[in-house]
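These notes concern the structure reproduced below.
Just so you know, all these numbers are worked out from the coordinates, no wet-lab data involved. A quick note: this is a predicted structure, and the numbers were derived from the prediction, not measured. Backbone-built Cβ (ideal geometry, glycine too); neighbour counts: all protein chains shown.
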């Protein structure tokens with residue numbers, strides 16, 4: 001049986017047709033399989049490299065974030081720096097490499113303070129966002145930054161953008177039981193030099209507002225003299241104010257007019273200072289200035305005051321929103337809060353009062369004055385709605401023309417959350433107040449890195465698995 005079966009199988013094999021198979025068939029199949037695997041792997045690598053290239057390029061840059069290059073100008077849009085850039089270490093110091101103590105950054109176009117107390121200075125020529133570790137900036141202390149918020153931590157650009165003045169407080173080893181050395185510092189952004197104006201009294205002075213004269217030679221300030229202030233607590237303050245002369249290192253006191261709803265301070269290039277309250281204005285002349293008349297020394301031995309010093313204001317129920325000298329003429333923007341109705345009053349060198357027309361479009365909006373381009377053009381931050389009552393939520397930058405032909409036009413925007421904004425108004429003209437700058441880029445967070453890399457990798461792995469499964473299915 002076995003022998004016959006073997007013979008029959010051999011006969012069938014001999015008579016069966018022979019299939020002609022190319023000897024290269026198996027080689028081509030093997031190479032195709034390898035090629036498929038290589039293509040899938042190459043696709044995975046290409047996508048991962050492409051996705052990772054952008055954050056790598058941003059993470060390893062050696063310069064501050066730049067938004068474009070052009071002549072010195074104010075940017076059309078002011079961007080909010082991400083909160084993560086103001087991260088602090090356990091000792092309260094800034095941890096990101098982008099925060100720098102190098103103050104020689106060049107002229108600035110704008111500046112503000114982040115909600116966590118980190119100063120931001122925007123370059124005038126290149127649009128770079130500089131995060132500055134200012135020496136003893138009061139916001140460097142986390143408690144002070146939280147207690148005052150960004151808008152009350154004074155940081156103010158000079159009109160030409162070459163200097164920035166700020167409130168300082170030195171929390172040394174004796175800060176717990178001794179007064180905190182504090183006051184105003186002025187940084188020359190072109191060379192990094194720092195000038196200190198110490199303001200003594202109480203447990204230290206928190207300066208909450210600083211205003212420059214038109215040419216940036218004089219400055220005024222206001223704030224609170226603290227009755228209690230340590231690195232871990234602060235409370236109880238008395239309003240104080242002062243004026244600082246050209247290149248001065250000391251301050252002459254001014255009357256704070258504490259019992260007014262709003263108070264504005266202004267100083268001219270000749271040293272004339274004005275303090276405007278709800279219904280009265282104090283006028284005086286600083287040390288070294290030409291004194292137009294003799295008078296009593298109401299503000300201290302180094303300040304001579306116009307007689308009678310205190311001048312009544314005929315402005316009704318409107319309160320001062322912001323005052324500034326343009327040349328030798330004082331401009332006082334006032335508001336009636338309940339109606340958001342505005343008026344502009346001016347006072348010349350002879351104290352002649354004039355009411356100047358404003359565009360009706362302002363009424364009903366909320367406004368924060370940012371400075372004067374010239375005698376008829378005011379720069380404001382503006383918004384509408386309930387949130388706009390806070391200066392940090394005024395989304396528009398506008399140029400207001402006052403006088404015979406009042407007008408109003410938007411010229412840019414401010415991202416919500418930007419507090420205490422100040423602009424270098426000397427860089428603005430009525431025809432070209434701002435320029436376009438691209439949005440700056442910031443390093444990615446670890447979480448964004450992980451999400452960016454993990455999701456494409458997972459998708460490609462699923463795609464590769466699907467391709468292999470489809471190929472197996474096709475062969476069956």
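Between residue 314 and residue 328, full extension at 0.36 nm per residue minus the direct alpha carbon distance yields a gain of 3.0 nm. What the Cα atoms of region 311-365 give is an Rg and a Dmax of 11.4, 33 Å. Per-peptide packing, taken as the mean over residues of other Cβ atoms within 10 Å, places 278-284, 418-424, 171-177, 118-124 in the sequence 118-124, 418-424, 278-284, 171-177 from highest down. FRET efficiency for the residue 100 to residue 227 pair, using the beta carbon distance and R₀ = 45 Å, is estimated at 0.80.
Could you sort the peptides 377-384, 316-323, 349-356 by per-residue average Cβ neighbour count (10 Å cutoff), highest mean leading? Kindly include the intermediate steps, with their values, before the conclusion.
On the way: 377-384: 21.2, 316-323: 19.2, 349-356: 11.8.
Packing proxy ranking, top to bottom: 377-384, 316-323, 349-356.
Mind ranking 212-219, 431-438 by how tightly packed they are, going by the mean number of other C-beta atoms within 10 angstrom, highest first? Please report the intermediate quantities before stating the final value.
Working: 212-219: 21.6, 431-438: 16.4.
Per-residue mean Cβ counts within 10 Å order the peptides as 212-219, 431-438.
Put a dot 7 Å past the Cα of residue 337, heading toward its Cβ, do the same for residue 83, and the two dots end up 2.8 nm apart.
Given the Cα-Cα distance of residue 389 and residue 280 and 0.36 nm per residue of separation, how much length would full extension add, in nm?
Length gained between residue 389 and residue 280: 36.7 nm.
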